[in-house]
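What follows draws every value from the coordinates through simple rules; no lab data is involved. Everything numeric in this text was worked out from a predicted model, so none of it was measured. Here Cβ is always computed from backbone atoms with ideal geometry, including for glycine, and neighbour counts include all displayed protein chains.
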Amino acid sequence: MVNMRIDDNKLKRAFIEEAEELLEKLNGALLSLEAERGNIDLINEVFRLTHSLKSESALMEFSNLSKVAHGLEDVFEKIRSSELDLSRQIMDMIFAGFDVMHEMLNRISLGGDDSGFNIDSLLRELQPLLVKPHSPSKDKEIVTCLADIEFTDFEKYQIREAWERGEAIYALTFCIADDEPMKYPRAYLVFNNLELIANVIRTCPDMVNPAAGEENFSHITLLVCSDKEREQLIAAANIDQIQDIKLIPVIYEDLLKAAPRIEKERFKHPGPSDFTSPENRERISIRVETRKLNDLWQQVGELIISKSHLSRVYERIDHHSDPVKVKSQLEVISDSLDRISTGMQESMIKTRMVPISVIFNKFPRLVRDLSSKLGKSVTIEIHGQDTEIDRSIVEALADPFTHIIRNALDHGIEFSEERLIQGKAERGKISITALQQGGKVAIEISDDGRGLDLQKIRQKAGVKGVLKDEEVVNFIFTPGFSTKERITDLSGRGVGMDVVATRIREELKGEVKVRSVQGKGTTFTIMLPLALNILNSLIVRCDGYFYAIPTQNVDETVKVLLSDIIVKGDKSSYSYREKIIPLAHLSELFDRKPQPGDESYGVILNHREEKACLLVDELVEEEELVIKPIDSILNYQHRLSGVSVLGDGTIVYVLDTSIVEELARV
Amino acid sequence: MFRVLLVDDLSFMRMVQKDILSGSGYHVVGEASDGLEAVEVYESLKPDIVLMDITMPNMNGLDAVNRILVADPQAKIIICSALGQQKIIVEAINSGIKDFIVKPFKAERLLSAIAKALE
């Protein structure tokens with residue numbers, strides 16, 4: 001493989017790309033298969049995909065990845081030849097295998113490799129599937145005694161935990177010799193021996209609280225979870241006077257068939273959802289950036305200080321105390337607690353916020369797959385990925401957005417030839433932008449396709465020429481509305497638009513609008529209210545006031561000398577990276593006279609496609625701020641998009657970065 | 001050749017046990033007649049296995065088992081008990097004995113219990 005060295009990276013990249021594609025397809029196929037267990041085509045597809053993954057990763061010498069793929073391939077071979085039934089337990093195991101492969105590929109694409117993963121237990125779990133479970137009826141009888149049992153919540157929990165750890169579950173049965181005078185203690189001895197190396201979930205008959213009557217203990221069944229070898233388990237039971245030891249594998253699903261299913265909604269939605277929904281009480285953990293927890297940590301610290309302050313005041317009170325003085329001391333503490341509790345509340349809400357990239361990340365792939373399927377050439381551009389939204393919204397947004405994009409691809413964007421004829425760029429473009437505006441998040445999804453057919457919409461809506469185009473176009477959100485004759489398998493009949501609207505309006509209490517110019521394109525705008533606006537901001541100071549600029553709008557900060565400023569009449573400009581961009585002092589925006597020194601700090605702002613240089617007195621710090629809306633009366637010339645308060649009580653004014661466009665325009 | 005310690009307050013019982021064991025290739029290296037003595041002798045002799053009675057003066061078998069296992073968690077002890085002492089046996093199992101035999105016992109019972117325990 002010496003020659004490979006030269007093209008190693010190239011080859012690796014090609015492998016990663018293809019493997020990612022295979023995994024993506026496999027994901028889709030598995031999800032479909034779960035809904036249609038008997039679909040032969042899907043089974044064959046999955047078999048082919050895992051087979052390809054196995055071969056490719058073996059070629060690249062990623063042996064662990066290959067092993068897992070091989071394990072799955074074997075399972076699907078058995079399913080294909082009807083030797084194995086696609087039960088829920090098996091599906092779960094397959095998904096587990098998929099997860100591991102996905103993780104491995106992630107690692108590989110980040111420059112690592114597929115080592116350091118514990119695949120042994122996974123492979124071992126797949127093994128019993130490949131061995132035909134021996135189920136002569138006698139064994140079934142024995143296991144039935146367990147199946148009829150009602151497990152306690154704690155037992156179900158233990159069983160589930162063991163399964164998640166990758167342990168095998170068995171029914172261990174044995175008999176005690178007839179001539180044994182003390183059957184129960186003997187059974188207990190076996191039980192005890194097993195408990196030393198495994199987890200005995202249940203015993204049959206009950207050994208912990210034994211019913212009277214030695215006869216009961218002639219024949220025993222134990223439900224055991226363990227990752228130990230079969231021989232070890234059997235050896236533990238093999239003491240004097242014990243006969244007919246059998247270790248029968250048990251299928252988790254059969255055992256828990258009475259227990260409520262925990263739906264593993266892994267790949268159906270991109271992000272975790274609301275804390276309080278019933279399904280998610282089962283979820284054990286969520287991911288939170290540590291910096292968000294740091295704030296909370298500090299606040300807890302302050303809380304402790306306030307608490308001890310309170311204790312001191314309380315201890316010092318006696319009949320000599322001056323009530324007025326005590327009252328003022330308590331007032332201080334009360335204010336402090338007020339501030340801290342608000343802060344903690346905000347911190348907690350911050351932990352619920354995730355960047356919208358959680359949803360957006362799926363789109364490039366989506367666009368790629370769909371456009372290739374349709375035979376269209378489309379690119380996607382995404383802005384504002386860092387905009388944060390509440391976790392609970394994430395799930396609800398994925399579908400509407402996906403639908404809008406699919407529509408854009410299916411109906412909006414034209415084929416290359418048509419575009420060229422129209423004088424458009426050969427490749428269609430879909431742009432997605434997210435930004436915070438006041439107390440809302442605005443998300444725009446636009447395409448530069450053929451736009452909505454206003455004629456048809458007017459026709460369908462039965463309106464005459466009275467209504468303006470902008471109003472007519474919103475008819476697409478009414479239920480049952482569709483101007484498409486054909487049903488394409490991608491976006492259906494267009495019935496989706498009303499579902500999209502309902503989702504956004506009812507579920508998310510937001511708003512959705514559409515603008516369209518025939519021949520030019522369509523833009524959907526979705527406005528979502530937020531419980532809290534979190535904005536990662538650059539705080540600057542100017543004329544003694546503090547201002548915050550969203551970091552996603554900040555390209556860079558520079559030192560600007562008086563000599564760097566290009567003045568032409570009453571306009572100033574600045575040369576930034578070989579481009580001349582408008583320059584202004586922050587004071588000017590608020591009609592104050594700037595006091596520029598020989599040098600100031602310049603913030604290179606961007607807003608959509610435009611840039612400008614804003615001069616300030618001082619760069620203070622970068623901070624995650626909770627933005628509160630500002631009343632328009634106080635919002636001078638709408639230069640602000642909100643207000644915030646720092647931990648020490650300082651007020652910070654949040655700049656509306658659309659000022660950049662204004663500056664660029666003149 | 002495995003070394004055995006016999007503990008029972010009845011010398012006749014120990015004689016019977018010794019007889020059975022010696023005849024099957026076990027070496028009886030010590031005897032004790034109460035729990036206290038059992039703990040001491042175990043310390044000095046460190047046998048491979050102990051046969052322990054329960055009802056004894058000065059210190060009963062159960063306490064002796066606990067003492068020995070605390071000092072030597074790997075100790076292999078088989079309890080010898082009369083019928084009707086199930087609770088005590090269960091307790092002893094929890095303490096960590098390897099097996100138990102019920103009096104009156106058959107020779108083969110004693111031998112197979114010891115053999116299995118020594119595996």
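Points worth noting:
- Exposure proxy shown here: for A:336, A:321, A:641, the number of other Cβ atoms within 10 Å sets the order, fewest to most, as A:321, A:336, A:641.
- Hz values of 3J(HN,Hα) by residue in the stretch A:551-559 - Karplus curve (6.51, -1.76, 1.60), Gly and Pro given as x: 4, 5, 9, 9, 7, 6, 10, 9, 9
- Magnitude of the charge dipole for the stretch A:329-484, about its Cα centre and with charges confined to Cβ atoms of Lys, Arg (+1) and Asp, Glu (-1), is about 740 debye.
- Computed over chain B, Cα set: Rg, Dmax in Å: 12.6, 34
- Listed by chain and number, the lysines whose C-alpha is less than 16 Å from the C-alpha of residue A:78, apart from same-chain residues fewer than 8 away, are A:132.
- Cross-link pairs exceeding 21 Å between alpha carbons, from the set A:292/A:559; A:460/A:509; A:373/A:513; A:376/A:468; A:468/A:513; A:350/A:440: A:292/A:559; A:460/A:509; A:373/A:513; A:376/A:468.
- Each of A:321, A:445, A:46 was scored by the projection of its Cα onto the charge dipole of the protein assembly as shown, and the greatest displacement toward the positive side belongs to A:445; charges sit on the C-beta of Lys, Arg, Asp and Glu.
- Anchor residue A:183: aspartates and glutamates whose Cα lies under 12 Å away (excluding residues fewer than 8 positions away in-chain): A:214, A:215, A:240
- Average beta carbon contacts from partner chains per residue of B:98-110, 10 Å cutoff: 3
- Packing-based order for B:90-101, A:156-167, using average beta carbon neighbours within 10 Å, highest first: B:90-101, A:156-167
- Only the Cβ atoms of Lys and Arg (+1) and of Asp and Glu (-1) were treated as charged; on that basis the dipole of the protein assembly as shown about its Cα centre amounts to roughly 2160 debye.
- Simple spin-label estimate for residue A:230 and residue A:351 in nanometres, 7 Å along Cα-Cβ: 4.6
- Projecting label points 7 angstrom from Cα along Cα→Cβ for residue A:150 and residue A:427 puts them 6.3 nm apart.
- Farthest toward positive dipole pole in chain A [+1 Lys/Arg, -1 Asp/Glu at C-beta], among A:637, A:472, A:123: A:472
- Value of Rg to Rh for the protein assembly as shown (Rh from inverse mean 1/r over Cα pairs, i.e. Kirkwood): 1.12
- Counting only aspartates and glutamates at least 8 places from residue B:46 when in the same chain, those with an alpha carbon closer than 12 Å to its own are B:72.
- Burial ordering of A:152, A:557, A:387, fewest other beta-carbon atoms within 10 Å first: A:152, A:557, A:387
- Within 10 Å of each Cβ in B:86-95, the average number of Cβ atoms from other chains: 4
- Counted residue by residue at 0.36 nm each, then reduced by the alpha carbon distance between them, the extension gain from residue B:10 to residue B:36 reaches 7.8 nm.
- Degrees between helix A:137-147 axis and first principal axis of chain A (Cα, 0 to 90, nearest 10): 50
- Angle in degrees between helix A:88-109 and the longest Cα principal axis of chain A, rounded to the nearest 10: 50
- What the Cβ-Cβ distance of residue A:127 and residue B:116 gives, at R0 = 25 Å and to the nearest 0.05, is a FRET efficiency of 0.25.
- Separation of the residue A:300 and residue A:566 label points, Cα + 7 Å toward Cβ, nm: 5.5
- Among A:545, A:308, A:595 - extreme Cα towards positive end, dipole of chain A, charges at beta-carbon: A:595
- Likely footprinting exposure, A:638, A:51, A:319, fewest C-beta neighbours within 10 Å first: A:319, A:638, A:51
- Relative to the Cα centre, the charge distribution of the stretch A:608-666, modelled as +1 at Lys and Arg Cβ and -1 at Asp and Glu Cβ, gives a dipole magnitude of about 320 debye.
- Principal-axis tilt of helix A:323-352 within chain A, Cα atoms, nearest 10 degrees: 70
- Listed pairs A:429/A:579; A:325/A:628; A:10/A:520; A:246/B:116; A:424/A:456 exceeding 29 Å between Cα atoms: A:325/A:628; A:10/A:520
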